[in-house]
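**Student:** Structure incoming, see below.
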Amino acid sequence: MAVKQSPLHELVVSRVLHLNAMVYGAVTGLFMGVAVFIATIWLVIKGGEVVGPHLGLLGQYFFGYEVTLWGSFVGLAYGFLFGFFGGYLAASIYNWILGRGENQPPGSQNSL
């Protein structure tokens, strides 16, 4: 016997958004890459005796990155790469959690 869904439950399930993991990853990657690029270029243009010691610490994680014109492009690539994988993973986990709840009858609880 099929359990009749309440109108409120049907409305909520129909309105919940499934994320496209590839698009979410690409947008997150572009945002992070451009953020590192702009921050680096800003410090290069600003100049001074010591240019961006704190931002330069990214070189510990991003091989080849430094606060220079060339380093801004390296930071753009690494920012996109890490942002893409982070966004893709976040959207995939969100969709997985969302998918687990759709097959449950009303009133039941998921245990994680």
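**Student:** Can you compute 3J(HN,Hα) from phi for each residue in the stretch 66-83, using the Karplus curve 6.51 cos²θ - 1.76 cosθ + 1.60 with θ = phi - 60°, rounded to whole Hz and x for Gly and Pro?
**Tutor:** Ordered by residue, 3J(HN,Hα) equals 8, 7, 9, 4, 5, x, 5, 6, 5, x, 4, 5, 5, x, 5, 4, 5, x Hz.
**Student:** Using just the Cα positions, wrap the stretch 1-74 in a convex hull and report its mean projected area in square nanometres, one decimal place.
**Tutor:** 8.8 nm²
**Student:** Also: Taking neighbour Cβ counts within 10 Å as the exposure measure, how do 41, 97 sort from fewest upward? Intermediate values should be presented prior to the final figure.
**Tutor:** On the way: 41 18, 97 11.
Ordered from fewest to most neighbouring Cβ atoms within 10 Å, 41, 97 come out as 97, 41.
**Student:** Take residue 12 and residue 34, extend 7 Å from each Cα along the Cα→Cβ direction, and tell me the distance between the two endpoints in nm.
**Tutor:** So the two model labels end up 3.6 nm from each other.
**Student:** Could you work out how far apart the two model spin labels at residue 46 and residue 89 are, taking each label as a point 7 Å from the Cα in the direction of the beta carbon, and quote it in nm?
**Tutor:** 3.0 nm
Throughout, read-outs are computed from the coordinates displayed, never taken from laboratory work. All values derive from a computational prediction rather than experimental measurement. Note that we place each Cβ from the backbone using ideal geometry, even for glycine, and neighbour counts take in every protein chain shown.
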